[in-house]
1. Given (1) in contact with a Lys or Arg (Cβ under 9 Å, 6 or more places away or on another chain); (2) touching a residue at least 40 places away in the same chain (Cβ under 8 Å), identify the lone condition not met by Ile77.
2. Just for segment 93-115: of the residues that are in contact with an Asp or Glu (Cβ under 8 Å, 6 or more places away or on another chain) and surrounded by 17 or more Cβ atoms within 10 Å (Cβ to Cβ), which one is farthest from Thr71 (Cα to Cα)?
3. Could you tell me which residue of segment 49-59 is nearest to the chain's Cα centre (by Cα), considering only residues that are within 15 Å of Asn121 (Cβ to Cβ) and of a type in the set (A, V, I, L, M, F, W, C)?
4. Out of Lys83, Lys118, which single residue is among the basic types (Lys, Arg) and either farther than 17 Å from Pro55 by Cβ or surrounded by 17 or more Cβ atoms within 10 Å (Cβ to Cβ) (or both)?
5. In segment 16-65, which residue that is surrounded by 10 or more Cβ atoms within 10 Å (Cβ to Cβ) and aliphatic (A, V, I, L, M) is modelled with the lowest pLDDT?
6. Would segment 35-48 turn up any residue that is touching a helix residue (DSSP H, G or I) at 6+ places or on another chain (Cβ under 6 Å), of a type outside the set (Lys, Arg) and closer than 18 Å to Ile125 by Cβ?
7. Just give me the residues in segment 77-89 being touching a strand residue (DSSP E or B) at 6+ places or on another chain (Cβ under 7 Å) and in a helix (DSSP H, G or I), in sequence order.
8. Say whether the condition of being of a type in the set (Asp, Glu), part of a helix (DSSP H, G or I) and more than 30 Å from the chain's Cα centre (by Cα) is met by at least one residue in segment 90-112.
Amino acid sequence: MPAKKKAKKSKAKPKAKAKAKVKKPAAKAKKKPAPKAKVKAKRKPNPAFMKPLRPDDALAAVIGPQAKPRTEITKAIWDYIKKNGLQDKTVRTQINADDKLRAVFNGRGAVSMFEMTKLVNAHLIA
C-alpha cells in the first residue's frame, strides 16, 4: 500500500479577528454664553479729507469759488463731467477735457480718471 502523504502544515498563522473599537460616550460640552452683539461704530472720516480747501481760478470755473472738502470737490468735478458728457464712450476710464477742464488738466486733452485727482490737487489752496 502506498503510504499516505502527510499534509504539510502551513506556517502562516491564522489572521486574528479585528476587534471592534468600543466608543466611549462623549463628555458633555459646556455651553458658553452667547457672545453679545457688538454695535458697529460709525466710521469717522479722516479729518484731512474734511478740511475745506479753496479752488484756484481755473478750478473755480468748473466747480465754483466756494471752499469745499476734497471729497465734495471730486464729486463736483464728476457731476460736471457727467453733465457735459466728457467721459469717453469706449474707454470709460478716460476723461475728455473741454476748455474749462483743459486748464485744470494742465493743457492735456484727455486724462485717466485715476490721475484726475492728482491733477486737481495742484489747483487747491489750503
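1. Only one criterion in (1) in contact with a Lys or Arg (Cβ under 9 Å, 6 or more places away or on another chain); (2) touching a residue at least 40 places away in the same chain (Cβ under 8 Å) is unmet by Ile77, namely (1).
2. For segment 93-115, the residue satisfying everything is Asn96.
3. Phe49
4. On the way: Lys118 fails: either farther than 17 Å from Pro55 by Cβ or surrounded by 17 or more Cβ atoms within 10 Å (Cβ to Cβ) (or both).
Only one candidate passes the filter, namely Lys83.
5. Selected residue: Met50.
6. Just the residues of segment 35-48 that are touching a helix residue (DSSP H, G or I) at 6+ places or on another chain (Cβ under 6 Å), to begin with: none.
Among the residues of segment 35-48, not one is touching a helix residue (DSSP H, G or I) at 6+ places or on another chain (Cβ under 6 Å), of a type outside the set (Lys, Arg) and closer than 18 Å to Ile125 by Cβ, which makes the answer no.
7. Scanning segment 77-89 gives a single hit, Ile81.
8. Just the residues of segment 90-112 that are of a type in the set (Asp, Glu), to begin with: 98-99.
Now drop any that are not part of a helix (DSSP H, G or I), which leaves 99.
Narrowing further to those that are more than 30 Å from the chain's Cα centre (by Cα): 99.
Checked segment 90-112: at least one residue is of a type in the set (Asp, Glu), part of a helix (DSSP H, G or I) and more than 30 Å from the chain's Cα centre (by Cα).
The values are calculated or read from the model by the stated rules, or taken from the named source; none is laboratory data. Given the structure is predicted, the values throughout are model-derived calculations rather than measurements. FYI the Cβ positions are ideal-geometry reconstructions off the backbone, even for glycines, and counts take in every protein chain you see.
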